[in-house]
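*Asks:* A single structure is presented below for examination.
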Amino acid sequence: MATEIHFVDVGQGNMVLIRADDGKRFVFDCNITQDNELRVLGYVAKVFGKGNAIAAFICSHRDADHMRGVRKLHAQNPISKIWDTDTPGNTTYSTEYKECMTLRREVGNFVIKRKMIGNYGKTRLLFMSDADERVPNNVNDQGIVIKVEQRSQMGDYCLKSVMLPGDSNAQVWRDGILRDYAATEVQSSILMAAHHGSNSFFDIPGDRYWYTSHIEAIKPAMVIISVGANTHGHPEKEALSLYEKYATGSKDGHKVARTDQKGTMKLTLKTEGGWALEYSR
């Protein structure tokens, strides 16, 4: 079975559905609001089947826009475990934080460490970053970064892949991920933009120039940006320009696709190699 990755249009937040080769279901981050609840839960039911269990809710980091509505998701599709880095977030006072932590205690949790690998048929989840002592204690840089791979029939090499960086900043890539992995291991067919298209993915405080070694190593054909109406200026024009510059382009020449423009997107990593991206708008 092909690996499916769904970039759900949840406004200013992240939510990625992963259906692995063996049929297991995963959700990476969540942002279900009063405004999008019916549409988003309806889409989850369409992809996963209403009532079918989610093997794990993987919380990149404990900010509200990455865990909002997780109990509503659990009510429709029971979550078996919550995976995170066990690092407190910036919004410990919020309703979203308290709800997620309560659910975590109820269903149980698993702490992710970098270099962990999960194989689910021919789908591989490679956890490339976690709570990293080598970088400043910034919540975004203590989060989970996942590379999702479609492996060959024998499982001995990666056919196509997608990089899911959460809200990670440039410094964790320079001082962490690119020290832990060779460029060939970092390379990915598709990149989800970090932090909704923020400049922080390229900006290292004190440096005069944008940091680009990581995106040069990733070499994505396309970049997917999960973004909605916001007061932060996301996606920022400098980041957009860099994504356009370093993405190699799809066969149709497309380099960047945004959920606020294209809606929810379905990425298929094919069993015979290759990938396909479908837009809902």
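The values are calculated or read from the model by the stated rules, or taken from the named source; none is laboratory data. Owing to the predicted nature of the structure, the values given are computational and were not obtained by experimental measurement. Cβ: placed from backbone, ideal geometry, glycine included. Neighbour counts: every protein chain shown. Ligands, DNA and RNA are stripped out before the accessible areas are found, and what is left, the full protein with its side chains, is counted by its heavy atoms. Shrake-Rupley method; radii C 1.70, N 1.55, O 1.52, S 1.80 Å.
*Asks:* Looking at region 165-199 only, could you name the residues that are of a type in the set (D, E, K, R) and surrounded by fewer than 18 Cβ atoms within 10 Å (Cβ to Cβ)? Walk me through how you get there before you give the answer.
*Replies:* Step one: of region 165-199, the residues of a type in the set (D, E, K, R) are 167, 174-175, 179-180, 185.
Matches in region 165-199: R174, D175, R179, D180, E185.
*Asks:* Still on this structure, please answer the following. For region 200-214, indicate whether the set of residues that are of a type in the set (V, I, T), under 20 Å from K160 (Cβ atoms) and either surrounded by fewer than 20 Cβ atoms within 10 Å (Cβ to Cβ) or at pLDDT below 95 (or both) is non-empty.
*Replies:* The first filter runs over region 200-214 and keeps only residues of a type in the set (V, I, T), leaving 204, 212.
Applying the additional criterion that residues be under 20 Å from K160 (Cβ atoms) yields none.
No, region 200-214 has no match at all.
*Asks:* If you don't mind, there's one more thing I want to ask. Please enumerate the residues belonging to region 231-256 that are surrounded by fewer than 12 Cβ atoms within 10 Å (Cβ to Cβ), part of a loop (DSSP other than H, G, I, E, B) and among the charged types (D, E, K, R).
*Replies:* K251, D252
*Asks:* I've got another one for you. Can you name every residue in region 73-105 that is over 28 Å from E133 (Cβ atoms) and β-branched (V, I, T)?
*Replies:* Result: I79, T95, T102.
*Asks:* Could you look through region 118-132, keep only residues that are assigned to a loop (DSSP other than H, G, I, E, B) and open to solvent by less than 10 Å² (accessible area, probe 1.4 Å), and pick out the one that is farthest from I218 (Cα to Cα)? It would help to see each step written out before you state the result.
*Replies:* Our first condition is that a residue be assigned to a loop (DSSP other than H, G, I, E, B); within region 118-132, this holds for 121-122, 130-132.
Among the residues that remain, those that are also open to solvent by less than 10 Å² (accessible area, probe 1.4 Å) are: 130, 132.
Details: D130: 19, D132: 20 Å.
That would be D132.
*Asks:* Hey, can you tell me all the residues within region 16-42 that are open to solvent by 20 Å² or more (accessible area, probe 1.4 Å), part of a loop (DSSP other than H, G, I, E, B) and farther than 18 Å from A56 by Cα?
*Replies:* Passing the criteria: T33, Q34, D35.
*Asks:* Could I ask something else about it? Among (1) more than 17 Å from E4 (Cβ to Cβ); (2) outside any helix (DSSP H, G or I); (3) open to solvent by 10 Å² or more (accessible area, probe 1.4 Å), where does N52 come up short?
*Replies:* The one condition N52 does not meet is (1).
*Asks:* On to the next question. Criterion first (open to solvent by less than 10 Å² (accessible area, probe 1.4 Å), within 18 Å of I112 (Cβ to Cβ) and among the β-branched types (V, I, T)) does V135 satisfy it? Give the steps one after another, and end with the answer.
*Replies:* Numbers: open to solvent by less than 10 Å² (accessible area, probe 1.4 Å): no; within 18 Å of I112 (Cβ to Cβ): yes; among the β-branched types (V, I, T): yes.
So V135 does not fit the description; no.
*Asks:* Name the single residue, out of those in region 146-168 being touching a residue at least 24 places away in the same chain (Cβ under 8 Å) and among the hydrophobic types (A, V, I, L, M, F, W, C), that is farthest from D130 (Cα to Cα). First the steps, then the outcome.
*Replies:* Going through region 146-168, the residues touching a residue at least 24 places away in the same chain (Cβ under 8 Å) turn out to be 146-153, 155, 158-168.
Checking which are among the hydrophobic types (A, V, I, L, M, F, W, C) leaves us with 146, 148, 158-159, 162-164.
Working: I146: 10, V148: 16, C158: 22, L159: 25, V162: 18, M163: 14, L164: 13 Å.
If we take residues in region 146-168 being touching a residue at least 24 places away in the same chain (Cβ under 8 Å) and among the hydrophobic types (A, V, I, L, M, F, W, C), then L159 is farthest from D130 (Cα to Cα).
*Asks:* Any idea which of (1) open to solvent by less than 40 Å² (accessible area, probe 1.4 Å); (2) within 14 Å of the chain's Cα centre (by Cα) is the one Q76 doesn't satisfy?
*Replies:* Result: Q76 fails condition (2) only.
*Asks:* Being of a type in the set (A, V, I, L, M), in contact with a Ser or Thr (Cβ under 9 Å, 6 or more places away or on another chain), at pLDDT below 95 and within 27 Å of S129 (Cβ to Cβ), is that true of even one residue in region 36-47?
*Replies:* No: zero hits.
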